[in-house]
Amino acid sequence: MFASSIFNDLVTKFHENKLAHAYLIETNNLDQALIDIKNFLKIINCPENYNNDCTKCNLCNLININNLPSIKVIEPDGTSIKKKDIIALKEDFSSRPLYSKYNVYIIKNADKLNASSANSMLKFIEEPTPGILGFFLTNNKDIIIDTIKSRCESYTVNYEYKTLQDSLNITNEQYQNYLNLIKNYLNYINTSKLITNKNIILKEYTERQDIENIFKIIYAIYYQSFLKVNHEPYDETLLNEFSLNENKNKIEQKLKIITKILTNMSYNVSIELILDKFVLEMRGLNE
Ligand SMILES: [Zn+2]
């Protein structure tokens with residue numbers, strides 16, 4: 001349920017009524033920590049006995065889409081977290097939440113609180129109000145100001161780096177088979193040969209899960225290429241196998257197409273329809 005077992009401890013503490021009013025979490029993966037915190041909040045709030053992925057209740061759905069008024073995620077606006085955001089937070093949290101157990105603030109990149117916003121933040125943690133729970137997330141707790149650090153309970157949460165193959169939960173053989181197929185497939189799409197492209201995939205795989213995996217890998221190829229053209233660190237092993245030679249604009253547009261395909265996959269749209277659409281839209285960009 002959690003990528004780090006530390007969040008199981010928090011669930012236990014919640015049941016024992018021993019949650020601190022604020023946590024400082026140092027982590028190598030802020031986004032994953034945020035996902036874990038949201039899952040923690042679903043578990044303690046879900047009226048349907050949350051298990052793994054509750055999509056039944058309104059509360060969990062609102063938490064998923066960041067739309068529950070009692071949960072506020074504050075991120076840097078430019079290079080720092082602005083005082084106005086902290087003041088707005090205080091106003092929002094001046095009354096008890098209507099639908100959830102706590103008002104929860106999550107400060108992502110808490111090291112980016114500037115002096116005045118940090119000062120403004122201190123009131124929350126110096127005189128803790130019952131019913132308010134806070135999380136400060138950072139990559140490096142050494143640069144968090146002492147007054148905040150000393151008033152939070154601290155955790156270090158290190159996530160394991162997962163390879164694409166691990167995250168898809170497939171064997172090396174399966175992974176290599178997918179890669180070979182994808183090479184062939186992308187090649188056909190990028191040349192204008194008029195063939196029924198969907199057969200390239202469908203004659204090898206008919207299970208939805210396989211086709212979804214294939215599109216997740218195609219997404220990764222384009223995403224890593226996007227990082228590469230933006231001069232950011234990227235996965236060289238994957239791109240050694242696929243050099244796209246496309247410009248930034250095209251890669252961005254193709255990423256959008258692939259994202260849409262993955263959404264359609266999750267909505268039970270027919271595979272044949274999805275594959276036809278994919279080829280049409282990708283080719284449309286090549287013309
Ligand atoms: Zn729920």
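The values are calculated or read from the model by the stated rules, or taken from the named source; none is laboratory data. Everything numeric here is computed off the predicted structure, so don't read it as measured data. Neighbour counts are summed over all protein chains in view; Cβ atoms, including those assigned to glycine, are modelled from backbone coordinates with ideal geometry.
Quick test for you: out of TYR175, TYR185, pick the one residue that is crowded, with 18+ Cβ neighbours inside 10 Å and not assigned by TED's automatic domain parsing to the domain that holds LYS13.
Details: TYR175 fails: crowded, with 18+ Cβ neighbours inside 10 Å.
Every option except TYR185 fails the conditions.
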Looking only at region 58-83, filter to residues that are of a type in the set (A, V, I, L, M, F, W, C) and assigned to a helix (DSSP H, G or I); which one of those is nearest to the ligand (Cβ to nearest atom)?
CYS60
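Being within 11 Å of the ligand (Cβ to nearest atom) and either assigned by TED's automatic domain parsing to the domain that holds LEU98 or in contact with a strand residue (DSSP E or B) (Cβ under 9 Å, 6 or more places away or on another chain) (or both) narrows it down to one of LEU24, LEU41, LEU34, LEU19, so name that one. Let's see the steps before the verdict.
On the way: LEU24 fails: within 11 Å of the ligand (Cβ to nearest atom); LEU34 fails: within 11 Å of the ligand (Cβ to nearest atom); LEU19 fails: within 11 Å of the ligand (Cβ to nearest atom).
The conditions single out LEU41.
Being out of contact with any strand residue (DSSP E or B) (no Cβ under 7 Å at 6 or more places or on another chain) and within 24 Å of GLU272 (Cα to Cα) narrows it down to one of ASN240, ASN190, so name that one.
On the way: ASN240 fails: within 24 Å of GLU272 (Cα to Cα).
It is ASN190.
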Candidates ASN66, ASN52, filtered to the one that is farther than 27 Å from SER94 by Cβ, modelled with pLDDT under 85 and within 17 Å of the chain's Cα centre (by Cα):
ASN52
